[in-house]
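Asker: Once you've had a glance at the structure underneath, I'll fire off some questions.
The values are calculated or read from the model by the stated rules, or taken from the named source; none is laboratory data. Keep in mind that what you see is a predicted model, and the values were worked out from it rather than measured. Heads up, the Cβs are rebuilt from the backbone with ideal geometry, glycines too, and the neighbour counts pull from every protein chain shown. Heavy atoms of the whole protein, side chains included, go into the accessibility calculation; ligands, DNA and RNA do not. Shrake-Rupley method; radii C 1.70, N 1.55, O 1.52, S 1.80 Å.
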Amino acid sequence: MKDYFGYEGKNCVVTGASSGMGKAVCKMLVELGAKVYGLDRNETDDKNINFIKCDLSDKTSIDNAFKKLPEHIDSFFGVAGLSGAKTGYWTTFTVSFIANKYITETYLENRMQSGDSICFVTSTGGLMWEKWQKEYKKIMNCKTWDEMISFMKSVSPKDGVGIMAYSLSKRAMNYYTSLKAVELAKKGIRVNAVLPGSTDTGMKEEFEKMAGGKEQLLKENGAVGRLATSEEMAEPIVFLNSNMARFMSGELMIVDMGHNCEVVLGYAKNRLNVPVALKIYNTKFMQDMLKKQI
């Protein structure tokens, strides 16, 4: 049988490898014959992957992890992220955006060649990114880790509520995916993203609180009436980095069982058409209100 996916013997790096979508991605890649390197701050019970402990909120930890990775990386899967319900503003934004930008520009662009691929996991919570570019576009000009951290400290509160950073980071990642798809096309490197709808992972309870309850979270997956499984998200993630998608780049693949269609058609309210980086959100009053939400 022909190897349509083309992962046999390929070096694949997955962040967030110990749980949820990341763990499911690793399992699929192993079954497809890839050599899988899993990065996470938590240990994994998957003995079939090459696990490397890595804290994506820490530059030194990332640098040390990449010293242990192959010089040539065929596919990168940026799955790790934080909801912000249990982490502060800076940490949430750092893991969900800054780490991905740093890894891409410091390592992936130097360790990849024509035919290689990158797939980020962003979120449907990052939709409306085109309209609200002014909220995050300046950070795209930051060239180093320290510049990005310094910029975030200048525009956000140290102890700010992380859920606002979640939406901002996902919008920034959707923009960044589009930007790198254009830039790296010259090298023949593809860059795509999967935008998951509500999924049953270890962060389910966090997202239920952020959505305003279990029923509201379920509504974000259209009329199907249930959450997606991690495997149902892993499948499109693995597809986008495979040979089956070798002429796809810049794709922001919405995987939400048609909910965004409901919004576009006017059947459901668009809850995302709001700014998430207003200075008023940094005030004590607004921070206290946001904390009550989680």
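Asker: Based only on Cα atoms, what Rg/Rh ratio does the stretch 123-195 have, Rh being taken as Kirkwood's radius?
Answerer: That ratio is 1.00, to two decimals.
Asker: For the chain, which longest stretch is free of loop sites, where a loop site is one of the trypsin sites (Lys or Arg not before Pro) that DSSP puts outside H, G, I, E and B and that has at most 16 other Cβ atoms within 10 Å?
Answerer: Counting only loop sites that pass the neighbour cut-off, the longest clear stretch is 159-225.
Asker: Could you compute Rg(Cα) / (2.2 N^0.38 Å) for the stretch 1-158, with N its residue count?
Answerer: Ratio of Rg to 2.2 N^0.38 Å for the stretch 1-158: 1.07.
Asker: With a 1.4 Å probe and all protein chains in place, put 264, 194 in order of accessible area, largest first.
Answerer: Descending order: 264, 194.
Asker: Turning to a different aspect of this structure: Counting every Cα pair in the stretch 9-97, what percent are over 16 Å apart?
Answerer: Value for the stretch 9-97: 51 percent of Cα pairs lie more than 16 Å apart.
Asker: So, one more: Compare 94, 229 by solvent-accessible area with a 1.4 Å probe and give them largest first, with all protein chains kept in place.
Answerer: 229, 94
Asker: Let me ask something else. Could you look at the stretch 119-173 and say what percent of its accessible area is carbon and sulfur, using a 1.4 Å probe and all protein chains?
Answerer: Its accessible area is 50 percent carbon and sulfur atoms.
Asker: Report the Rg/Rh value for the chain, based on alpha-carbon coordinates and the Kirkwood definition of Rh.
Answerer: Rg/Rh for the chain comes to 0.95.
Asker: Roll a 1.4 Å probe over the protein chains and send me the accessible area per residue for the stretch 112-206 in Å².
Answerer: 41 Å²
Asker: If 132, 90 are ordered by their accessible area, calculated over protein heavy atoms with a 1.4 Å probe, which sequence runs from highest to lowest?
Answerer: Reading off the accessible areas and sorting them downward yields 90, 132.
Asker: Something else about it: For the pairs 101/269; 53/138; 143/186; 134/269; 131/279; 101/134, flag any whose C-alpha to C-alpha distance is greater than 26 Å.
Answerer: Distance filter (> 26 Å) returns 101/269; 53/138.
Asker: What does the charge dipole of the chain about its Cα centre add up to, to the nearest 20 debye, if the Cβ of each Lys and Arg holds +1 and the Cβ of each Asp and Glu holds -1?
Answerer: The dipole of the chain has a size of about 860 debye.
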